[in-house]
1. Can you pull the one-decimal nm distance between simple spin-label points at Ala40 and Lys97, each 7 Å off the Cα toward Cβ?
2. Along the positive direction of the dipole of segment 29-147 (beta-carbon charges: Lys, Arg +1; Asp, Glu -1; about the Cα centre), which of Gly88, Thr46, Pro129 reaches farthest?
3. Given R₀ = 25 Å, FRET efficiency for Ser25-Ala133 by Cβ-Cβ distance, to 0.05?
4. Quote the charge dipole size of segment 85-147 about the Cα centre in Debye, to the nearest 20; the model charges only the Cβ of Lys and Arg (+1) and of Asp and Glu (-1).
5. Please quote Rg/Rh for segment 1-66 to two decimal places, taking the Kirkwood radius as Rh and restricting both calculations to Cα atoms.
6. Cross-chain or 8 or more residues apart, Cα under 23 Å: how many lysine pairs in the chain fit that? Count them up, please.
7. Once every DSSP H run of n ≥ 4 in the chain is given -39500 (n - 2.57) and the sum is divided by its residues, what mean residue ellipticity at 222 nm do you get, rounded to the nearest 500 deg cm²/dmol?
8. Given a Förster distance of 30 angstrom, what is the FRET efficiency for Ala6 paired with Leu87, based on the Cβ-Cβ distance and rounded to 0.05?
Amino acid sequence: MPTRTARTAWNGTLQEGSGQVELSSSKVGTYEVSFPKRAADEAGGTTSPEELIAAAHSACFAMQLSANIGQAGGTPESLDVTADVSLGPDDANGGFKLTGITLKVRGEVTGLDADGFAKAAQAAKEGCPVSKALSGVDISLDAALEG
């Protein structure tokens, strides 16, 4: 299996500095990062590690769920997956930590009922490689069929 690479160039202090995250393997772009904007409610055109983790988690979960639906005898017509990753203080160790992740999926699926879809989604939450890597973070799931 391949290894994927991203690179960050950072200049300055935490509070006044900024950086650029480059998605090196795909070459799809370079994105600005800044700690003050990371910690603010409004990102102001910059990304953050949490947003990048959310992107990775939603994509990984969607792929795993698609596979699980197929294995259960269904056909995924469409899956709309959102991952919300929260950052907060780490009271036990100081600094910050990921305080929770919420995966929300709405699916149009043929060949599975709501219970089958929920089981496939739960298995995807537990089985996708990003979920496994983030096992130290509380991950919740909101899964429902549409239509």
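Values in this text are rule-based calculations from the coordinates and carry no lab data. Note that the structure is a prediction, hence the values are computed from the model and not measured. Glycine gets a Cβ as well: all are built from the backbone with ideal geometry, and neighbour counts include every protein chain shown.
1. Result for the modelled spin labels: 2.8 nm.
2. It is Pro129, whose Cα lies furthest towards the positive end.
3. 0.90
4. That gives a dipole near 180 debye.
5. 1.03
6. For the chain, the number of qualifying lysine pairs is 7.
7. Value at 222 nm, helices only, nearest 500: -9500 deg cm²/dmol.
8. Once the sixth-power term is evaluated, E becomes 0.95.
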